[in-house]
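Where a number appears in this text, it was derived from the coordinates with a stated rule and is not lab data. Not measured: the values here are computed from a predicted model. Here Cβ is always computed from backbone atoms with ideal geometry, including for glycine, and neighbour counts include all displayed protein chains.
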């Protein structure tokens, strides 16, 4: 059991706790050294390839995000981020159900602290909703794990093929983290309210830990294929109309996680490799996109696409890093998204899920339009009449964005880096002519449609309702109505009980009253008890007199005998 | 408008090159209709894009988009009566 807790993730957790107490200069060293040592510990660990792959990418993005956050002074935020990253790695390396559950809950609390660390009212409210949803997920997981433990299974195992209560409870718990609809709304609700660096961490860990657990526990569950494909298409559609920059990327996380869920649901070695490789690549390009979005929001003070425009000239490093990462997320050849999408498409085609293959291709088109074309055009490269004031982007942030963009290119040009890390080491053969021409044709044709509709592609300044509507509107109204109703029932019952006890008290103090009332006994003459010597004095006097007489008789009897 | 024409021209050149490359050099590994017929991906990309634009801009936007202050407390209290 102890082995479950002694893992690479602990290094980051300890670094996070240390960051709370050490001076600023030392904290910077700790924040960089923590991920580096964790990465070394992951590389030299003897866990299976899947855990090592996820551990590696988690520690790499922790390092890049830590560099991005070097100018942040808030020690609580930095500590929460390091603990969050550490606990995510610990979930990945946990062998037992209990170990997984404990770090799962630590993750939920730490990520909630990251959401609220931007210290705005909106963040506090979104954080509260985030915490409630994740505690619900944690409790579902706990219930499932308790059933597994009761049946004698202590170590994490694949549950595919079961259909018992434990299966469904653990699936629901993990589905909350993987943002599988309808348990997805927290992601678009909470992520945009977090701090800039916090969003980079959150976009990388929670959903990918969910995907990791789905791979380990539910690989090959065909039901998840339908959810995965739906997520991929629906996330892209939502992103297409979204106006808030970080909310748009939150929907893209759902869309990309959809690819992973669909791939792991296929369950073949290619499918498993596709899901893990896509998670790896996704963390790199989504991390870069979120870092660029954070840089834009920090530099301009604006978070809506409709308020931004023409930033490529004012923020060239951010713009080009964003361009590379946005092409990677769509799946352009020679960038890393293409490498893992090839595996996923191969998995769907080999397993005969041709409908999934077509829909995932259409989702790629959606990604192209909503990120690569829409954001690049309306935020960075399109014409803009507005003169937007831009402040300086700190050097550490530029370095982190460049690191992210370069990692997308390196893993895109040298796909064997990714393929050698995957659990089954299956080669996706991404650079065949048919693969490359397929994506080029797909994207060029979609771009024609985008240009045709360009005038209407600018998002409206509105919010899009999601499943959080159910607990933000009807549930709120329900509670607001039920609460006064319950209160009035409580008051009514309380008053009636009060009356009853007052009445009963009266009768218990003087039972004669009951006789008088119920049996029409003649009421006693009112009298003042303190002045009436009959009440207590007479019987007491008689008792003393009798006792005295008995004592005298005893004495006479005793002395007479002597 | 001039920009749009340039964009169309560029995209058509890209499509033409990709299509030629597919016809001349591609050896598809899978044998579904969109793997075998050259240029099928152009149709999937173009139609798929329009389906998504229609879904997002016409249906989801009309059904699920609200004003920015939709979730504000004032609205909630008003609803709660």
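Residues being within 10 Å of chain B (Cβ to nearest Cβ) and touching a helix residue (DSSP H, G or I) at 6+ places or on another chain (Cβ under 7 Å): count how many of those fall in region A:340-357. Total satisfying the criteria: 6.
Only residues that are touching a residue at least 60 places away in the same chain (Cβ under 8 Å) and farther than 27 Å from residue A:215 by Cα were counted across region A:45-73, and they come to 6.
For residue A:432, the conditions (1) crowded, with 16+ Cβ neighbours inside 10 Å; (2) under 33 Å from the mean Cα position of the chain (by Cα); (3) more than 24 Å from residue A:248 (Cα to Cα) all hold with the exception of (2).
The set of residues in region A:427-445 that are at the interface with chain B (Cβ under 7 Å from one of its Cβ atoms) and closer than 20 Å to residue A:412 by Cβ comprises A:433, A:434, A:437, A:438, A:440, A:441, A:442, A:443, A:444.
Given the options A:260, A:238, A:202, A:231, name the one that is in contact (Cβ under 8 Å) with a residue 12 or more places away in the chain, touching a strand residue (DSSP E or B) at 6+ places or on another chain (Cβ under 7 Å) and surrounded by 24 or more Cβ atoms within 10 Å (Cβ to Cβ). One residue alone meets the criteria, A:238. The residue that is surrounded by the most Cβ atoms within 10 Å (Cβ to Cβ), among those in region B:1-33 that are within 20 Å of the chain's Cα centre (by Cα) and within 7 Å of chain A (Cβ to nearest Cβ), is B:18.
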